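Trainee: There's a structure below that I have some questions on.
The values are calculated or read from the model by the stated rules, or taken from the named source; none is laboratory data. These figures come from a predicted structure and were not determined experimentally. All Cβ positions, even for glycine, are placed from backbone atoms using ideal geometry, and neighbour counts span all protein chains on display. Ligands, DNA and RNA are stripped out before the accessible areas are found, and what is left, the full protein with its side chains, is counted by its heavy atoms. Shrake-Rupley method; radii C 1.70, N 1.55, O 1.52, S 1.80 Å.
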Amino acid sequence: MADLKECAISLLSETTLDVTSTGATTLYTVPTGKRCVLHCAVVVCGSAASTTAVITFGQVGALTDFLDSQTMTNLAAQYDAVTCMPIPNATPVKTKSYAASTVIQVNVGTADADGSTDATIYLFGLIY
């Protein structure tokens, strides 16, 4: 039986994120012998609103190569959720196919001092 992550877009990781300080947090490492195409990240607000935090997504060394600056304006209350993903268009949006052992991270570029220390990021994609 094939691994579901190789047959469909699926949940790759679930990671807690603190947006009260800047810096990168590892979300996923592409398995040996595989490649990964990211689909989206769902960010769920933790115990405090995180409306001024700005985050990016990508591989180590290129932390914006999946998604550039995403402002968390809509994380106004606990359990609010936002979906961060490239927006499909008449001309398809280019994304990356990440090689084995590539480390995928989220980077807090602009911290929200009063923001959530316990937001959750659900990263979705497929591996092949």
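Trainee: If I ask for residues that are assigned to a loop (DSSP other than H, G, I, E, B) and open to solvent by 20 Å² or more (accessible area, probe 1.4 Å), which ones from the stretch 13-50 would you list?
Mentor: D18, T20, S21, T22, P31, T32, G33, K34, R35, S47, A48, A49 - these are the residues of the stretch 13-50 that are assigned to a loop (DSSP other than H, G, I, E, B) and open to solvent by 20 Å² or more (accessible area, probe 1.4 Å).
Trainee: Of the residues that sit in the stretch 51-85 and are more than 16 Å from T15 (Cα to Cα) and among the small types (G, A, S), which one is surrounded by the most Cβ atoms within 10 Å (Cβ to Cβ)?
Mentor: Checking each candidate, the answer is A53.
Trainee: Taking the criterion of being aromatic (F, W, Y), closer than 21 Å to D118 by Cα and assigned to a strand (DSSP E or B), would at least one residue in the stretch 59-75 satisfy it?
Mentor: no
Trainee: Turning to a different aspect of this structure: Would the stretch 101-122 turn up any residue that is under 19 Å from D65 (Cβ atoms), out of contact with any Phe, Trp or Tyr (no Cβ under 6 Å at 6 or more places or on another chain), aromatic (F, W, Y) and assigned to a strand (DSSP E or B)?
Mentor: The answer is no, given that none of the residues of the stretch 101-122 is under 19 Å from D65 (Cβ atoms), out of contact with any Phe, Trp or Tyr (no Cβ under 6 Å at 6 or more places or on another chain), aromatic (F, W, Y) and assigned to a strand (DSSP E or B).
Trainee: If A100 satisfies all but one of (1) open to solvent by less than 50 Å² (accessible area, probe 1.4 Å); (2) within 16 Å of the chain's Cα centre (by Cα); (3) of a type in the set (A, V, I, L, M, F, W, C); (4) under 28 Å from E6 (Cβ atoms), what's the number of the condition it fails?
Mentor: Answer for A100: the failing condition is (2).
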